[in-house]
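Asks: Below are the structure tokens for one structure; questions will follow.
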Amino acid sequence: MRAAMGNPLQDRRTPQDFAASGQVIEISEKIGNFQKLAEIVEADLGALEPDKLPRDWRESPVAGQLGFGFIDAQRGIPALEGQVVATINAVCQRCLEPFRLPVEVELRLLFGGDQSAGDGDNGYEVWELHEDELCTADLIEEALIMAMPLSAMHEDNAQCVTKDKSEEGQGKIVRPFANLKSQMVEEN
Ligand SMILES: [Zn+2]
């Protein structure tokens with residue numbers, strides 16, 4: 001069902017329909033708007049001492065733009081192109097301190113059962129749909145989850161506060177982030 005004044009991100013339409021109208025979607029969301037993604041982030045941050053928990057992690061931005069069209073002259077193969085950038089609060093698996101992890105996804109996707117269209121040199125990947133209709137919010141969420149590293153770490157060693165790796169400390173390292181992600185991938 002389509003909301004009358006809703007966000008097109010939440011629309012459920014077929015990819016053909018999005019493409020036929022040349023739909024462009026501006027994304028200006030927050031991590032907290034994506035339930036599964038927020039659950040993963042929350043589980044990851046759960047490893048932190050309460051006083052280190054970033055209070056505003058749900059407010060971190062998810063921004064970008066998507067555009068739909070057809071990649072073939074016959075207007076038979078709907079496609080989506082765009083970019084999504086998110087800032088995710090994560091726990092560094094090396095120093096166990098919170099940090100802000102930028103996650104950027106470039107999307108060049110086409111829809112439809114014809115796998116061969118996604119091979120070739122056109123640079124598009126086939127996005128499998130489990131139903132006729134597509135909700136771009138769900139697609140973005142799944143793409144961001146897939147783009148998150150299994151083991152998030154500070155890229156800059158200087159920011160990575162190396163702790164005394166005592167045996168006690170080692171035993172405490174939990175990685176719900178990686179476990180939850182692999183669980184979700186299996187479910188899908
Ligand atoms: Zn670190």
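Asks: Any idea of the accessible area per residue across region 46-112, 1.4 Å probe, to the nearest Å²? Each step should come with its number before you reach the end.
Replies: Details: 3350 Å² over 67 residues.
On a per-residue basis, region 46-112 sits at 50 Å².
Asks: Short version: ³J(HN,Hα) in whole Hz for each residue of region 51-61, in order, from phi by Karplus 6.51 cos²θ - 1.76 cosθ + 1.60 (θ = phi - 60°), x for Gly and Pro, what are they?
Replies: 6, 9, 5, x, 5, 9, 4, 5, 8, 4, x
Asks: Still on this structure, please answer the following. In region 1-91, if the dipole is taken from +1 on Lys/Arg beta carbons and -1 on Asp/Glu beta carbons about the Cα centre, which of A38, G82, S60 is farthest to the positive end?
Replies: G82
Asks: Quick one: P(r) of region 64-106 from all Cα-Cα pairs, 10 Å bins, percents rounded to integers, in order of increasing distance.
Replies: Values per bin, smallest distances first: 24, 28, 21, 15, 10, 1.
Asks: Another question, then. Sort 130-140, 86-96 by the packing proxy (mean of other Cβ within 10 Å over each peptide's residues), most packed first.
Replies: On the way: 130-140: 16.3, 86-96: 20.6.
Result, highest mean first: 86-96, 130-140.
Asks: Another question, if that's okay. Which three extents, in angstrom, do the Cα atoms of region 20-88 have along their principal axes, listed largest first?
Replies: The principal-axis extents, from largest down, are 58, 17, 14 Å.
Asks: Please report, as a whole percent, how much of the solvent-accessible surface of region 1-152 comes from carbon and sulfur atoms (probe radius 1.4 Å). It would help to have the intermediate numbers written out before the result.
Replies: Numbers: 3800 of 8030 Å².
Whole-percent figure for carbon plus sulfur exposure: 47.
Asks: Another question, if that's okay. Net charge within 13 Å of P102 by Cβ-Cβ distance, Lys/Arg positive one each and Asp/Glu negative one each, not counting P102 itself? Mind showing how you got there, number by number?
Replies: Values: positive: R100; negative: E104, E155, D156.
Here the count lands on -2.
The values are calculated or read from the model by the stated rules, or taken from the named source; none is laboratory data. Remember, it's a predicted structure, so these values are computed and weren't measured experimentally. As a convention, Cβ positions derive from the backbone with ideal geometry for all residues, glycine included, and neighbour counts pool all protein chains shown. Each accessible area value is taken on the protein alone, full model and side chains, heavy atoms only, with ligands, DNA and RNA left out. Shrake-Rupley method; radii C 1.70, N 1.55, O 1.52, S 1.80 Å.
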